[in-house]
Number of protein chains: 2
Amino acid sequence: MVRPNAGTKGVPRLDRETQILDIASEQFGTQGFSATSVAAIADKAGISKPLIYNYFGSKEGLYEACLDRGGALLADEIERIARGDAVGIERGMATLAGMFTLLEPQPYLWRLFFDATAPSTGPIADSIALYAERIGKLADEGVTELMGLAGNADPLDISAMTAVWLGIVDSLMNWWMEHPDESADQMMQRCLRLLTALFGGDAE
Amino acid sequence: MVRPNAGTKGVPRLDRETQILDIASEQFGTQGFSATSVAAIADKAGISKPLIYNYFGSKEGLYEACLDRGGALLADEIERIARGDAVGIERGMATLAGMFTLLEPQPYLWRLFFDATAPSTGPIADSIALYAERIGKLADEGVTELMGLAGNADPLDISAMTAVWLGIVDSLMNWWMEHPDESADQMMQRCLRLLTALFGGDAE
DNA sequence: TCGTGGTAACTTACCCAAAAGTCATATAAG
DNA sequence: CTTATATGACTTTTGGGTAAGTTACCACGA
């Protein structure tokens, strides 16, 4: 039987995997796990569905690969910033600046870890939990410092404040996705203005 | 053919509809639209799927009914608060207090209007847009006031700040869902403490 | 008090489309 | 001529939606 498009296109596996991960991350990040179909990803990549299954095993396997790549990126950066000496609000702003720079080409990466439609059990949930914990732990640490400065050490207060902080980052990333023309630098300037508006002066 | 469970159970339509809406709202609110199946709702209600279709026409019709019931509740309350004379941060806190009180039994109601997996076209989108606009408009109004006090009138700044504000409410509702033992009053006290920690004193 | 027929409440068993996942096979390249 | 890269055409599963029928209840006349 003739199969006009079959046969290798000369793209090495690693390159192809990278390409697939790029496209899949964008789809998963913007549409969510359950609303994304493997066929759509294959289409966008200009390849066939079975190739994706060859390389990643399943839709969940593909999502996991996206998580691993994106999670390492995010967590490494946040950890790097945490090692700096900024404290309190300043540390938050530094983290934000790092996130904006890191995610300038792909703010949707952030959403991978906060997708309500992703499976809540199995390897995906484990993977999400792993990175969420890594990120959450650092957020928690920063928030604990901040709250400590104000004399509050209540664990539930800290937990709630951490949730709020992550929610703020989340909404900024979402807002950014809806305003793709904004540069990382513009986003950061904007955040500083919002902070100023809140505190009625600069927050040194 | 024998059909052991068929026939009326003596539950009047309105009662049944209310029961279905209660369960559906919880499922949609916690799992999201696309991750919720009509069969699952029927199961939880102890009835069969076709009954739901009899009463609500379609999955979308059911979601819309949830939106209408929940949206009126939320928007009315937020509008009531907006008519008060609180301004700036105070108005935000008043709104929060109202939300906590209103949503004490069902914090997930809030999520109905911020579900990324809901259809983005058709009657549902319209219905969401309607309430989101009603809520968003008031949020925007409050934020505009707040920013105005600080001398900032930039529309994009205001848009971003509104997104952040809605994100904060969202994360507090999510946190609440994970801590169902907290009362509305406790939640509010907690928020006041968080605010105090941020501003280093009470925010009068 | 007993049919009896109309209606509201309800179910089983199915259809169908979409999307996950698989199999057998084809081609390029070294 | 073997292997990595690749595909068309299939099967399976899932979930929204439907057709056709069953059962309980109630009003009403004899």
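Bear in mind that the values in this text are calculations on the coordinates, not laboratory data. Just so you know, these numbers come straight off a predicted model, no measurement behind them. Every residue, glycine among them, receives a Cβ derived from its backbone with ideal geometry; neighbour counts consider all protein chains shown.
Please report the relative contact order for chain A, taking Cα pairs under 8 Å with a sequence separation of at least 6, and give it as a percent rounded to a whole number.
Details: 164 pairs, mean separation 45.0, N = 204.
Answer for chain A is 22 percent.
From the C-alpha coordinates alone, can you work out the Kirkwood hydrodynamic radius of region B:12-104, in Å? Could you put the intermediate results ahead of the total?
Details: mean 1/r = 0.0679 Å⁻¹.
Final number for the Kirkwood radius of region B:12-104 is 14.7 Å.
Provide the FRET efficiency to the nearest 0.05 for the B:Glu178-B:Ala45 pair, computing r from the beta carbons and using R0 = 25 Å. Each step should come with its number before you reach the end.
Numbers: r = 25 Å, r/R0 = 0.99.
It comes to 0.50.
To the nearest 10 degrees, how steep is helix A:13-31 against the longest Cα principal axis of chain A, on a 0 to 90 scale?
60
From the label point of B:Arg13, set 7 Å from Cα along Cα→Cβ, how far away are the matching label points in the other copies, in nm, ordered shortest to longest?
Nearest to farthest, the other copies are at 6.2 nm.
Please report, for A:Thr196, the nm distances (one decimal) from its label point, 7 Å out from Cα along the beta-carbon direction, to the equivalent points in the remaining copies, shortest first.
3.1
Taking the label point as lying 7 angstrom from Cα along the Cα-to-Cβ axis, what are the distances from B:Gly151 to the corresponding position in the remaining copies, in ascending order and in nanometres?
Those separations, rounded to one decimal, come out as 3.2 nm.
In whole Å, what is the distance between the alpha-carbon centres of region A:149-204 and region A:27-72?
The two parts, judged by their Cα centres, are 31 Å apart.
For the rotation that brings chain B onto chain A, whose beta-carbon in chain B is nearest the axis, and what is that distance in whole angstrom?
Nearest Cβ to the rotation axis, residue and whole-Å distance: B:Gly167, 2.
What is the Cα radius of gyration of region B:60-199 over 2.2 N^0.38 Å, N being its residue count? Could the numbers behind the result be given before it?
Numbers: Rg = 15.2 Å, N = 140, 2.2 N^0.38 = 14.4 Å.
That ratio works out to 1.06.
Please give me, ordered by residue number, the trypsin sites (Lys or Arg not before Pro) of region A:52-130 that lie in loop per DSSP and have at most 10 other Cβ atoms within 10 Å.
Listed in order of number, the matching sites are A:Arg83.
Contour minus end-to-end for B:Thr101 and B:Ala125, with contour as 0.36 nm per residue of separation and end-to-end as the Cα-Cα distance?
Numbers: separation 24, 0.36 × 24 = 8.64 nm, distance 2.74 nm.
Taking B:Thr101 through B:Ala125 to full extension adds about 5.9 nm, to one decimal.
Per residue, what volume in Å³ does the convex hull of the Cα atoms of the protein assembly as shown enclose?
Working: hull volume 75.2 nm³, N = 408.
Value for the protein assembly as shown: 184 Å³ per residue.
May I ask which of A:Lys9/A:Lys44; A:Lys44/A:Lys137; A:Lys9/A:Lys49 have a Cα-Cα span longer than 24 Å here? Spell out each step's value before the answer.
Values: A:Lys9/A:Lys44 16 Å; A:Lys44/A:Lys137 36 Å; A:Lys9/A:Lys49 15 Å.
Exceeds cut-off: A:Lys44/A:Lys137.
Using just the helices of the protein assembly as shown, give the 222 nm mean residue ellipticity in deg cm²/dmol: DSSP H runs with n ≥ 4 each add -39,500 (n - 2.57), and the total is spread over all residues, rounded to 500. Numbers along the way, then the final one.
Numbers: 16 runs with 280 residues, N = 408.
One gets -23000 deg cm²/dmol as the mean residue ellipticity at 222 nm.
Suppose each label sits 7 Å from its Cα in the direction of the beta carbon; what would the B:Lys137-B:Gln186 distance come out to in nanometres?
3.7
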